[in-house]
Amino acid sequence: MNEVRDTDLAWAAGFLEADGSTTTSGTSFRIQLGQSGDEVPLQLQRFADIMGQNVNGPYKPYALSKKPTYQVTITGGKAKWAIRLLAPYMTEGGPKLQKAQTDLEKSHG
């Protein structure tokens, strides 16, 4: 990852809190964000760029969305690194940070 400004990390942390989720399965930790649109949503692309990731998609619309969906998924060690990088900018005691910390513990983070 290239040098990233604190303001970019703060923005990415807020975007993760608003639109993202963390999960764990066994020792695998994952961060995932998804949005729909006719093309890659700019906010999702910005998050991917900040975190040094790619946007995946488009995928067929699901549920009530009539537009294709796009996702950024970060797994394993990269996801653990990313959440540790973003955690200082997330809402202290907030539900997304608490969930991420619990998921990290479950994955032996």
Take K60 and decide whether it is of a type outside the set (A, V, I, L, M, F, W, C), more than 22 Å from S107 (Cβ to Cβ), loosely packed, with under 15 Cβ neighbours inside 10 Å and touching a residue at least 12 places away in the same chain (Cβ under 8 Å).
-> no
Select from region 1-34 the residues that are over 26 Å from S107 (Cα atoms) and modelled with pLDDT under 95 and write down the one among them that is surrounded by the most Cβ atoms within 10 Å (Cβ to Cβ).
-> V4
Can you run down the residue pairs with Cβ atoms below 6 Å, 6 or more apart or on separate chains, where the first is in region 3-19 and without any contact (Cβ under 8 Å) to a residue 40 or more places away in the chain and the partner is among the aromatic types (F, W, Y) and surrounded by 16 or more Cβ atoms within 10 Å (Cβ to Cβ)?
-> F15/F47
Could you grab me the full set of residues in region 1-29 that are in a strand (DSSP E or B) and more than 11 Å from the chain's Cα centre (by Cα)?
-> T24, S25, S28, F29
Region 36-53, residues that are surrounded by fewer than 17 Cβ atoms within 10 Å (Cβ to Cβ) and touching a Ser or Thr at 6+ places or on another chain (Cβ under 9 Å) = G37
Might you check whether a residue that is surrounded by 13 or more Cβ atoms within 10 Å (Cβ to Cβ), touching a Gly at 6+ places or on another chain (Cβ under 8 Å), closer than 21 Å to D103 by Cβ and hydroxyl-bearing (S, T, Y) occurs anywhere in region 73-90?
-> yes
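The values are calculated or read from the model by the stated rules, or taken from the named source; none is laboratory data. Note that the coordinates shown come from a computational prediction; the quantities given were computed from them, not determined experimentally. Heads up, the Cβs are rebuilt from the backbone with ideal geometry, glycines too, and the neighbour counts pull from every protein chain shown.
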